[in-house]
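What follows draws every value from the coordinates through simple rules; no lab data is involved. Everything numeric in this text was worked out from a predicted model, so none of it was measured. Heads up, the Cβs are rebuilt from the backbone with ideal geometry, glycines too, and the neighbour counts pull from every protein chain shown.
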Amino acid sequence: MSYRKTLLFSALIISGIVTLTACTTAPMAPATAPAPVAQAAAPAPTYPASIGQMVAKTKSQIKTVKMPEFKAAYDQKNLGMLIDVRNENEFEDGYIPGAINVPRGLIEFRIWKLVGFPDKTDMTTKMTLYCATGGRCALATKSLQDLGFTNVTSVDMKYDDWVKAGYPVAMPKK
């Protein structure tokens, strides 16, 4: 038997003995269902003040809209390409109908296919970006602006506020 197989075999035997010992020496718990535990929402992440300052500076350099303006443009179908810059797992939990998921960390690379590159690239494509709290979409809007896109708007709102207001939310097809 090779050294690796011997080591693996020994580890399996030892873990089995530890498990067996734990099972035979620990008293059995009564067969009652555990009390349900309320799941608290994850606390909002905290960041250094420099992050807030960077996002605030970025918002002063781009076009932003608040939720009421965004909802009105949504209702009038006047958003252009609606882009959700949250991560894929966030998008899977629900999104604003009509949105395309292009995570902020990939937008500089994935946007090109959506605007006709390489044949008919349209740098004036109207785009409206949103995220969970307004920070990532502001940074993504600035990145697109820096790439030369001229018609990009960032939605300065919390996605949860959109949901709480009872506005439309879609779920990905599985």
Problem - Estimated inter-spin distance, residue 100 and residue 115, nm [label 7 Å along Cα→Cβ] - result: 1.1 nm
Practice task
Give me the distance between the Cα centres of region 62-88 and region 146-174, rounded to whole Å.
Solution key: 5 Å
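How would you classify region 51-164 from its alpha-carbon gyration tensor, with a ≥ b ≥ c the square roots of the eigenvalues: rounded for a/c under 1.5, else prolate if a/b is greater than b/c, otherwise oblate? Display every interim value, and only then the final one.
On the way: a/c = 1.38, a/b = 1.22, b/c = 1.14.
Rounded shape, in that the Cα axes give a/c under 1.5.
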Exercise for the section: Could you tell me which of the pairs 71/158; 71/164; 63/174 are separated by over 24 angstrom between their Cα atoms in the structure shown? Expected result: 63/174
Completion exercise
Quick calc: nm separation of the 7 Å Cα→Cβ label points for residue 158 and residue 90 -> 1.3 nm
Handout entry: Distant-in-sequence amide H partners of residue 156 (H built 1.01 Å from N, under 5 Å)
Key = 65, 66
